[in-house]
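These notes concern the structure reproduced below.
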Amino acid sequence: MSSPPVCLITGVGPGTGSALARRFAQGYRVAMLARTEERLAELEAELPGATGFACDVADESKLAATFEAVCDRLGAPKVVVHNAVAAGFGDCLTIEPRVLRRNFEVNTMALLHLAQRAAPKMIEAGGGTILCTGNTSTYRGKANFAAFAPTKAAQRILAESMARSLGPQGVHVAYLAIDAVIDVPWARKAFSDAPDEFFCRPDDIADECWHLTHQPRSAWTFDVMIRPDRESW
């Protein structure tokens, strides 16, 4: 009996990342990447098919070593979900350049590094999926988002370039933008008067990622945006 395929997820935090790990553990061996070892240990105990790898994806050499460790321990990923995100807020006159640089390393460069390592293995194996999560900063540069929006816009354009190149070779690349306040404890506290319908549940985000990953090749989607029905747009 063959082993289940491998799904590598970056940014396994308490919200979307953990929900992704739980969803993909239903059919995959999951490699969970995050900087917080304690959270990874808790999820390993909860999910028998999941393995945690402490990694700062902004560190190219560390990310490369971690990817090789995943391949050695679990096998080459059939699915990669780049969910790690770095943010920083302020206008173009007040942001610190180092913050923009680090956000670019996490949001954009890490996607490139992962793709350059994972895609050749997917092509050799006959197919795979690379999925990236984003938000509306991908499409617009608001004044106070000068350290964040440029990196998300670059991330999406990189993913589109990847999709055009890798799609004909059997690798589905998709970009999922989340136009919502995600339902996590700090957001509930910040928007304490908002109804339940205002929030986007991490489990529902994970379900949409699962759907994108398992689309038939004749109907692949690249650009997807999801939002709750109470979101203003």
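The values are calculated or read from the model by the stated rules, or taken from the named source; none is laboratory data. Fair warning: this is a prediction, and the values are worked out from it, not measured in the lab. When we count neighbours, we look across all protein chains shown, and the Cβ atoms used for this are built from the backbone with ideal geometry, even at glycine.
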Cβ-Cβ under 6 Å pairs, at least 6 apart or on other chains, the stretch 51-64 side in a helix (DSSP H, G or I), far side aliphatic (A, V, I, L, M): Leu63/Val57
Count, please, the residues in the stretch 136-148 that happen to be more than 16 Å from Ala58 (Cβ to Cβ) and crowded, with 17+ Cβ neighbours inside 10 Å. 5
So which residues in the stretch 188-233 are over 28 Å from Gly27 (Cα atoms) and in contact with a Phe, Trp or Tyr (Cβ under 7 Å, 6 or more places away or on another chain)? Phe191, Phe198, Arg230
Can you tell me which of Thr133, Thr151 is crowded, with 16+ Cβ neighbours inside 10 Å, among the hydroxyl-bearing types (Ser, Thr, Tyr) and outside any strand (DSSP E or B)? Thr151
Which condition breaks for Ala21 when tested against (1) modelled with pLDDT of 95 or more; (2) aliphatic (A, V, I, L, M); (3) not in a helix (DSSP H, G or I)? (3)
Would you tally the residues in the stretch 107-128 being surrounded by fewer than 24 Cβ atoms within 10 Å (Cβ to Cβ), closer than 20 Å to Trp210 by Cβ and not small (Gly, Ala, Ser)? 1
Residue list for the stretch 150-205, restricted to those being farther than 13 Å from Thr16 by Cα, hydrophobic (A, V, I, L, M, F, W, C) and at pLDDT 95 or above: Ala153, Ala154, Ile157, Leu158, Ala159, Met162, Ala163, Leu166, Val171, Val173, Ala174
Against the condition within 23 Å of Asp223 (Cβ to Cβ), touching a residue at least 40 places away in the same chain (Cβ under 8 Å), surrounded by 16 or more Cβ atoms within 10 Å (Cβ to Cβ) and in contact with a Lys or Arg (Cβ under 7 Å, 6 or more places away or on another chain), how does Ala86 come out, does it pass? yes
Checklist (1) closer than 25 Å to Pro228 by Cα; (2) free of Cβ contacts under 8 Å to residues at least 24 places away in the same chain; (3) among the basic types (Lys, Arg) applied to Lys152, failing item: (2)
